[in-house]
Amino acid sequence: MNKFFKMFMWVLILVSVVILALGFVKGYPDSPAMDNGTVDPLLYWAYAMLGIALACVVVVGIVIAAMNNPKSLIKLLAGVVAIAAVCFVVYLVSAGAPALNLTTEQPSATTLKLTDTVLNLTYLTGGLAILAIVFGEILGTVRNK
């Protein structure tokens with residue numbers, strides 16, 4: 001397994017070097033959004049590398065947790081189901097109202113509903129974070145007395 005990860009790492013490094021070298025030799029296509037089109041392909045590759053790294057961390061973490069304590073997978077599955085249920089409820093509650101003061105064409109109803117869902121999830125997690133900080137400080141103060 002360790003050999004596989006080392007080889008995978010070297011393949012990713014090699015692909016990165018090839019993309020960078022081709023960019024210097026051949027040049028990247030110009031982007032209409034920017035004056036310098038060389039930034040876009042490099043950013044896309046950086047996003048891909050970040051996604052690969054996160055996937056590896058998650059997969060390796062799950063495998064190690066399963067090997068150390070198989071019952072932890074049940075807790076993990078319960079947590080994922082709970083989070084999915086909260087996201088589904090927030091999606092059902094989200095209004096999907098049209099954007100105000102938009103001078104261009106309105107996005108589709110699905111896009112508006114998903115945007116409202118993400119905003120409501122942000123509000124929910126922000127509020128829960130503030131509550132956790134406040135209650136954590138209160139609990140810490142009470143325990144230290």
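Restricting attention to the range 52-102, and to residues there that are touching a residue at least 12 places away in the same chain (Cβ under 8 Å), in a helix (DSSP H, G or I) and in contact with a Ser or Thr (Cβ under 8 Å, 6 or more places away or on another chain), which single residue is nearest to VAL15 (Cα to Cα)? Only one residue tops the list, namely CYS87. Across the range 1-27, the qualifying residues are those that are open to solvent by less than 80 Å² (accessible area, probe 1.4 Å) and more than 26 Å from the chain's Cα centre (by Cα), and the one among them that is modelled with the highest pLDDT is VAL18. The numbered conditions (1) surrounded by fewer than 10 Cβ atoms within 10 Å (Cβ to Cβ); (2) modelled with pLDDT under 85 are all true for VAL60 except (1). Have a look at THR110, THR141, THR117 and point out the one that is open to solvent by 70 Å² or more (accessible area, probe 1.4 Å), polar (S, T, N, Q), over 30 Å from MET9 (Cα atoms) and within 22 Å of the chain's Cα centre (by Cα). Answer to the check: THR110.
Looking at (1) more than 29 Å from MET7 (Cβ to Cβ); (2) modelled with pLDDT under 80; (3) not in a loop (DSSP other than H, G, I, E, B), which one does PRO41 not meet, given that it meets all the others? Of the numbered conditions (1) more than 29 Å from MET7 (Cβ to Cβ); (2) modelled with pLDDT under 80; (3) not in a loop (DSSP other than H, G, I, E, B), the odd one out for PRO41 is (1).
The values are calculated or read from the model by the stated rules, or taken from the named source; none is laboratory data. Nothing here was measured: the structure is a model prediction, and the numbers come from that model. Neighbour counts run over all protein chains shown; Cβ positions are idealised from the backbone, glycine included. Only protein heavy atoms, including side chains, enter the accessible area calculation; ligands, DNA and RNA are left aside. Shrake-Rupley method; radii C 1.70, N 1.55, O 1.52, S 1.80 Å.
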